[in-house]
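S.K.: Please read through the structure below; I'll follow up with questions.
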Amino acid sequence: TCTVTLADTSLIPRTPADKLATYGAHLRLARGVQYSDGTQELVPLGVFRVDEVAGDVDEGPVTIQGKASRR
């Protein structure tokens with residue numbers, strides 16, 4: 001499972017057409033480092049099906065919860 005917390009309130013779905021409101025939306029998560037020259041080294045953590053998006057649309061934060069996907 002995953003829980004991601006972000007400050008960007010624009011991710012909270014407001015219409016059925018928003019990306020995270022779409023049935024079957026997925027998150028592809030990775031973790032890594034960014035060097036001072038801008039290059040990155042990332043390790044994939046997995047692909048997760050979005051189960052829930054919650055948060056205050058005016059103040060945030062946004063919490064996205066998901067479960068591992070076989071995608």
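S.K.: Which one of Gly24, Gly55, Gly32 has the biggest mean-square fluctuation once the chain is modelled by GNM with Cα springs under 10 Å?
M.R.: Largest GNM mean-square fluctuation: Gly32.
S.K.: Exactly which chymotrypsin sites (Phe, Trp or Tyr not before Pro) in the chain are in a DSSP loop and have at most 11 other Cβ atoms within 10 Å?
M.R.: Values: sites: Tyr23, Tyr35, Phe48; in loops: Tyr23, Tyr35.
Here the sparse-neighbourhood loop sites are Tyr23, Tyr35.
S.K.: Taking a probe of 1.4 Å, how large is the accessible area per residue of the chain, in Å²? Let's see the in-between values first.
M.R.: Details: 5500 Å² over 71 residues.
Here the per-residue accessible area is 77 Å².
S.K.: Relative to a virtual label point 7 Å from the Cα of Leu20 in the Cα→beta-carbon direction, which members of segment 46-71 show backbone nitrogen distances below 11 Å?
M.R.: Within reach of a label on Leu20: 50-57, 60-66.
S.K.: Same structure again: How large is the Kirkwood hydrodynamic radius of the chain, counting all unique pairs of alpha carbons, in Å?
M.R.: Numbers: mean 1/r = 0.0750 Å⁻¹.
Radius from the Kirkwood sum: 13.3 Å.
S.K.: Accessible area of segment 20-69 with a 1.4 Å probe: how many percent of it is carbon plus sulfur? Don't skip to the answer; put the middle values down first.
M.R.: Values: 1740 of 3630 Å².
Answer for segment 20-69 is 48 percent, counting heavy atoms of protein chains only.
S.K.: Spin-label point model (7 Å from Cα, Cβ direction): what's the Arg70 to Ala54 distance in nm?
M.R.: 2.9
S.K.: Still on this structure, please answer the following. Could you give the dipole magnitude of the chain about its Cα centre, charging the beta-carbon of Lys and Arg +1 and that of Asp and Glu -1, in debye to the nearest 20? Intermediate values should be presented prior to the final figure.
M.R.: Numbers: 8 positive and 9 negative charges, 109 e Å.
So the magnitude is around 520 debye.
The values are calculated or read from the model by the stated rules, or taken from the named source; none is laboratory data. Not measured: the values here are computed from a predicted model. Cβ sites come from the backbone with ideal geometry, for glycine too, and all protein chains shown count toward neighbours. Note: areas computed on protein heavy atoms with side chains; ligands, DNA, RNA excluded. Shrake-Rupley method; radii C 1.70, N 1.55, O 1.52, S 1.80 Å.
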